[in-house]
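Each remark here refers to the structure printed beneath this line.
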Amino acid sequence: MKFSIKTDPSEKQRSDVLVLGVYDSLKVAYDKANLSTSTISYIASILKHGDMTGKAGSSLILYNAPGTKTSKILLIGLGKEKELDGKKYLTAVRAMIYALKKMDVKTIASYIQIAPVIGSDIAWNVEHFITEVMDASYEFAELKTIDKKTKKTFDFLVNVDKKNQKIAEGALKKSFALAKGIELTKTLGNLPPNICTPTYLGKKAQEIGKEHGMKIDVLDQKQIEKLKMGSFLGVAKGSRQPPKFIVLQHNKGKKTQKPIVLVGKGITFDAGGISIKPAGDMDEMKYDMCGAASVLGTFKTIGLLNLPMNVIGIIPTCENLPDGLALKPGDILTSMSGQTIEVLNTDAEGRLILCDALTYAERFNPDVVIDIATLTGACVIALGHHASALYSNDDKLAKDLESAGQISMDRAWRMPLWEDYQSQLDSNFADMANIGGRAGGSITAACFLSRFTKKYKWAHLDIAGTAWKSGKAKGATGRPVGLLTQYILSKIH
Ligand code: BES
Ligand code: MN
Ligand code: ZN
């Protein structure tokens with residue numbers, strides 16, 4: 001996909017199709033300066049026929065309209081003018097892509113982004129136009145040899161008023177980088193677990209690092225042992241694939257600026273270990289590295305934007321499989337922090353690899369540490385597939401992440417981390433157990449992590465319900481790269 005910002009009147013632009021938004025009043029959301037009067041009255045006369053409702057997401061193609069150099073006009077419904085919110089706007093952009101895919105067009109002059117969206121500005125409209133187009137046209141077909149759809153690529157001329165040109169160009173640059181990060185996160189998630197192994201993630205991290213001048217370390221088993229990450233290594237024991245501990249450093253901020261540290265869960269396949277999972281849908285546990293993938297995607301984005309910030313990414317990655325040498329229920333592990341953990345269920349492995357990564361994060365003297373993990377099925381029960389669960393030991397950090405989620409339409413909902421829940425993790429034999437019973441499963445998982453994050457401001461995002469979709473539309477979503485990028489951008493002064 002290519003995007004460029006345009007400010008010329010539409011009759012001067014050469015394109016294969018002109019895309020215009022239409023409200024349910026059948027009024028076209030155009031800027032008068034950009035359409036000739038003959039085009040406007042032609043559209044009005046066609047709409048009188050009643051074949052288009054103007055409902056958000058509806059569409060109609062017109063041919064040979066007068067007053068324009070384009071032979072096709074694609075009308076996209078925006079719904080009620082006064083009720084055009086972010087969600088409906090995205091529905092309209094998505095409907096545009098579905099319609100364009102069925103047409104014989106290459107260069108598209110779009111105007112839907114000039115429609116005012118409640119609570120947003122033109123920068124937001126342009127940004128979300130681009131990220132939604134990229135999202136809706138994403139395909140993962142690398143491994144298909146038959147029925148392989150060839151991906152259509154378009155050249156978008158994104159029109160705005162002359163006075164908004166600079167703002168729109170900035171928005172284009174930002175959102176294209178974001179879309180590239182999201183695309184990478186989706187592809188890493190969608191790759192099968194026999195390809196996307198811990199070693200593969202290490203190589204990908206190295207690639208991203210080299211491309212964008214970051215410092216990258218991929219620690220192997222021996223180096224991880226030296227660090228005394230007994231908890232992480234406990235999980236890795238049952239797998240033939242060697243574990244990796246990936247550290248990315250984007251040091252483009254002032255020397256004195258404390259870094260933002262992102263920690264991503266990188267279980268490239270979670271069979272549950274000895275506490276094995278039921279067979280149904282187990283394939284989806286290839287997505288158990290989506291936290292790691294979101295860290296890599298965010299690094300791709302901040303690398304492309306060359307952001308003047310210090311950001312560290314930490315990824316503990318391994319498989320969780322049953323094996324003769326695998327971790328057993330009853331085993332007691334000594335974490336890097338020195339705290340001991342009784343493993344009552346080997347399927348609660350995410351917290352076991354994250355706790356050592358969270359201890360490792362201390363050495364960076366972080367401003368904040370944010371971990372991202374497909375941590376609990378209980379999170380999906382609590383919040384479904386719309387919001388990621390957000391936990392934090394710092395109210396300001398929680399508020400900042402909530403608002404970054406709102407702006408990016410990649411929302412998170414804050415959950416409690418009250419002391420009351422901590423006793424569910426009591427163990428008779430070690431400092432803590434790795435599970436806290438069925439009640440409040442996402443919360444007790446966060447409570448477990450909180451025991452390793454006392455030395456800094458910390459937030460935890462449980463993305464179990466948001467990182468991928470199941471069923472017919474099965475696929476990674478790229479969340480929460482939008483939220484994380486927005487948060488990091490909000491810290492640039
Ligand atoms: N990766 C899973 C969490 C998960 C399960 C995410 C299903 C999305 C869909 C995690 O490692 C896990 O297995 N958690 C257990 C914890 C339990 C044993 C306390 C769970 O949620 O069942
Ligand atoms: Mn598990
Ligand atoms: Zn898991």
Neighbourhood net charge (12 Å Cβ-Cβ; Lys/Arg +1, Asp/Glu -1) for Arg240 = -1
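Just add up the charged neighbours of Asp283: K/R +1, D/E -1, any other residue whose Cβ is under 12 Å from the Cβ of Asp283.
Spelling it out: positives minus negatives among the neighbours equals -1.
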query = When only DSSP loop residues count, what trypsin sites (Lys or Arg not before Pro) in the stretch 14-66 have their Cβ near at most 10 other Cβ atoms within 10 Å?
reply = Arg14, Lys48
request  = Starting from the stretch 433-484, pick out the trypsin sites (Lys or Arg not before Pro) whose DSSP state is loop and whose Cβ has at most 14 other Cβ atoms within 10 Å.
outcome  = Arg438, Lys454, Lys455, Lys474
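State the percentage of accessible surface on the chain attributable to carbon and sulfur atoms; use a 1.4 Å probe and exclude ligands, DNA and RNA.
53 percent
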ask   = So what's the back-of-envelope 222 nm ellipticity for the chain, counting only DSSP H runs of four-plus at -39500 (n - 2.57) apiece and dividing by all residues, rounded to 500?
value = -10500 deg cm²/dmol
query = Just in the stretch 110-140: which GluC sites (Glu not before Pro) are loop by DSSP and have at most 15 other Cβ atoms within 10 Å?
reply = Glu139
note = With the 1.4 Å probe rolled over protein heavy atoms, the stretch 347-422 has an accessible area per residue in Å² of 41 Å²
request  = Tally the DSSP beta bridges in the chain and give the antiparallel ones as a percent, rounded to 5.
outcome  = 40 percent
Positive minus negative residues near Ala177 (Lys, Arg vs Asp, Glu; Cβ under 11 Å) = +2
task = Note down the nm distance, to one decimal, between modelled labels 7 Å out along Cα→Cβ at Arg240 and at Asp121.
result = 5.7 nm
key: Cα lying deepest toward the dipole's positive end in the stretch 242-319, options Gly264, Cys290, Leu304, charges on Cβ   = Leu304
Inter-label distance for Gln221 and Phe429, nm, one decimal - labels placed 7 Å from Cα along Cα-to-Cβ = 2.5 nm
task = Take every Cα pair under 8 Å in the chain that's 6+ residues apart, average their separations, divide by the length, and report that relative contact order as a whole percent.
result = 13 percent
inquiry  = Suppose all protein chains stay in the model; what accessible area per residue would a 1.4 Å probe give for the stretch 2-160, in Å²?
reply    = 47 Å²
ask   = Where in the chain are the DSSP H helices whose C-alpha atoms run 18 Å or more along the long axis and whose mean Kyte hydropathy is at least 0.0?
value = 86-101, 122-136, 290-305
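The values are calculated or read from the model by the stated rules, or taken from the named source; none is laboratory data. In this text, all values refer to a predicted model and were calculated from it rather than measured experimentally. When we count neighbours, we look across all protein chains shown, and the Cβ atoms used for this are built from the backbone with ideal geometry, even at glycine. Surface accessibility is based on the protein's heavy atoms, side chains included, excluding ligands, DNA and RNA. Shrake-Rupley method; radii C 1.70, N 1.55, O 1.52, S 1.80 Å.
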